[in-house]
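The values are calculated or read from the model by the stated rules, or taken from the named source; none is laboratory data. Computed from a prediction, not measured in an experiment: that's the story for all the values here. Note: ideal-geometry Cβ built from the backbone for every residue, glycine included; neighbour counts use all protein chains shown. Side chains are part of the model used for accessible areas, which takes the heavy atoms of the whole protein and leaves out ligands, DNA and RNA. Shrake-Rupley method; radii C 1.70, N 1.55, O 1.52, S 1.80 Å.
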Amino acid sequence: RISWFDLDLSAKPYKTMRYDDTGLASVSYHKRYPLFATGGIDGNCYVFHGMVYSDLLQNPLIVPVKKLHAHRGDGTEGVTDCVFHPTQPWLFTCGIDA
């Protein structure tokens, strides 16, 4: 489960998204682009476009972009970490599958 918090509004999650059935192992945010990614134990990575506007009356924009079948996931392995390239919109993943 992925929870997006807007602490200016409430201590409760602004939006909760359920994409992985088995659980998440890592989350990565891009330093330059409005992208974030999650890596799951099921071997999948999900890339999202997440944007917060300077106008506080406008809600944040969270859009799923892509589902990547990154690694073999049998419930114990999958994606152990994911990280974005510092300047390019590239996502690197690692897992313990052979």
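Screening the range 2-25 for residues that are modelled with pLDDT of 80 or more and of a type in the set (Val, Ile, Thr) and picking the one that is nearest to Leu56 (Cα to Cα) gives Thr16. Annotation for the range 59-70: at least one member residue is over 29 Å from Ile96 (Cβ atoms), open to solvent by 70 Å² or more (accessible area, probe 1.4 Å), out of contact with any Pro (no Cβ under 9 Å at 6 or more places or on another chain) and not hydroxyl-bearing (Ser, Thr, Tyr).
Scan the range 71-92 residue by residue and report those that are surrounded by fewer than 17 Cβ atoms within 10 Å (Cβ to Cβ) and among the aliphatic types (A, V, I, L, M). Step through it out loud before you land on a result.
To start, the set of residues in the range 71-92 that are surrounded by fewer than 17 Cβ atoms within 10 Å (Cβ to Cβ) comprises 72, 74-76, 80-81, 83, 85-90, 92.
Across the range 71-92, the qualifying residue is only Val83.
If you go through the range 59-84 and pick out every residue that is at pLDDT 85 or above and closer than 27 Å to Pro13 by Cα, you end up with 14. Among the residues of the range 3-22, is any touching a Cys at 6+ places or on another chain (Cβ under 7 Å), touching a residue at least 40 places away in the same chain (Cβ under 8 Å) and not aliphatic (A, V, I, L, M)? Within the range 3-22, not a single residue is touching a Cys at 6+ places or on another chain (Cβ under 7 Å), touching a residue at least 40 places away in the same chain (Cβ under 8 Å) and not aliphatic (A, V, I, L, M). Scanning the range 16-58 for residues that are on the phi > 0 side of the Ramachandran plot and either buried (at least 19 other Cβ atoms within 10 Å of the Cβ) or acidic (Asp, Glu) (or both) returns a single hit, Gly43.
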